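Just so it is clear, none of the values below were taken in a lab; they were calculated from the coordinates. Predicted, not measured: the structure shown is a model, and the values here were computed from it. Here Cβ is always computed from backbone atoms with ideal geometry, including for glycine, and neighbour counts include all displayed protein chains.
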Amino acid sequence: MSGTHATRTGWKPLGVLATAQFLVVLSTSIVNVALPEIRDGLGLSAAGLTWVINAYVLVFGALLLLGGRSGDVYGLRRVFLVGTGLFALSSLAAAVAPDAATLIAARALQGLGAALLAPTALALVLTTYPDTARGTALGVWGAVSGAGGAAGVLLGGLLTDLYGWRSVFAVMVPVALAVLVATRAMVRPSPPRGGRLDLPGSVTVTGGLVALIHGLSGHWPLVVAGLVLLVVFVLLQRRSPDPLLPARMRIVARANVLMALLGAVWLGLFYYLPLYQQRELGHTPLEAGLTQLPLALMITLASWATPRLPGRAVLPAGLALLAAGLAWLARTPADGTFLADLLGPSLLIGAGLGVAFVRLTALASAGVPAADSGLAGGLLNATRQIGGAVGLAFLTLLPSSGSAFLACAVIALLLLAKATLL
């Protein structure tokens, strides 16, 4: 297929799949603004409040490899539809949850749905828009991802102010149902590759990641158990005739390591920024959302522009902007204002995130055969989500939001050093 393939196919499938990606990102960011009200409404502790986020992120990240490979084996569109349907049902369950345990369980189920739909959506984009059209498609993908992060904060603030925290989950149900209907009409079925799923590998990597992330909250024996299970996973992969993570995927290993670091920055920023705005600057949820619009706009513009920028210096330049913006944000005083203290760093951070996300997505999918497109999508999403979960677990040990922003700046500098070598 050539670059004219997109013209023949049309951009409607990209619109449907990008909406699904928007929904996945939205499901994290829209909840962040509502966290204080969820805490008060259900009587959650600080640790329990973190699990409203981590239950989703952890299950999502731990099962992404299995979700992506399932798409390769059983058909990308089929698995995508199953994941989207499960996402809709779990969002409804979260909206009507009577207690904290039910809410956290619904968020975990929501993560399972996202683990099926996110990698298959990206794989469908990669296989539908190859060659010269891929850059444009990934630019749209990055723009939607960035817009979903910050638009979720705005929508979350508006809904929380007007209708309470349950509305932030309820609003995702009709969107997911619309994606289901549109997918059947606009996205072509993809033939299954066949073969078998690596269930031993899936069990060990999922168990290892769950134990590791949960252990980082202070249960150190679980950290050891998680590391042991991950070592077992690696050993099993060397012996399996159809491994979950075949050796041929090493071509994108370094790009995925960088995406894990970016995930730590991404989740840490969108977790701490609305909390900082509400707790220290005294913003309402709606004000917190409105003041993040420049961040969303800059991520969207940078993501759209990045495929059009040639040269190796684009990624390091974007990461330098990201680190500078985070360091600036860390110096924001408790009595800061939007124009004097938040707008500048928001623009730098948005530009850096947009560039980094699109460039690393392209690097993590370059050279991957179509038969492994689901796995590539799963691996890319898994590294970002697990990096985010690990990063958030460490960031919650820090004494303040400013310390968390400074730690994110340090991670961005590490990303810059590694990206320069890559």
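Quick notes
- Mean residue ellipticity (222 nm) of the chain, computed from DSSP H runs ≥ 4 via -39,500 (n - 2.57), nearest 500: -27000 deg cm²/dmol
- Net charge of the neighbourhood of Pro294, taken over other residues with C-beta under 15 Å away and scored Lys/Arg +1, Asp/Glu -1, is -2.
- Neighbour-count order for Leu293, Leu117, fewest beta carbons within 10 angstrom listed first: Leu293, Leu117
- Where labels lie 7 Å past Cα in the beta-carbon direction, separation of Asp242 and Leu339 in nm: 6.3
- Listed candidates [x] 0.96; [y] 0.94; [z] 0.99 - label of the one calculated as Rg/Rh (Cα atoms, Kirkwood Rh): [y]
- Note on Thr183, Thr291: ascending count of other Cβ atoms within 10 Å places them as Thr183, Thr291, the fewest first.
- Remark: Arg308, Arg248 ranked as Arg308, Arg248, counting other beta-carbon atoms within 10 Å and listing the fewest first.
- Among the trypsin sites (Lys or Arg not before Pro) within region 158-228, those in coil by DSSP and having at most 15 neighbouring Cβ atoms inside 10 Å are Arg196.
- Residue-span extension gain [Leu421 to Arg254] - 0.36 nm each, minus C-alpha spacing: 59.1 nm
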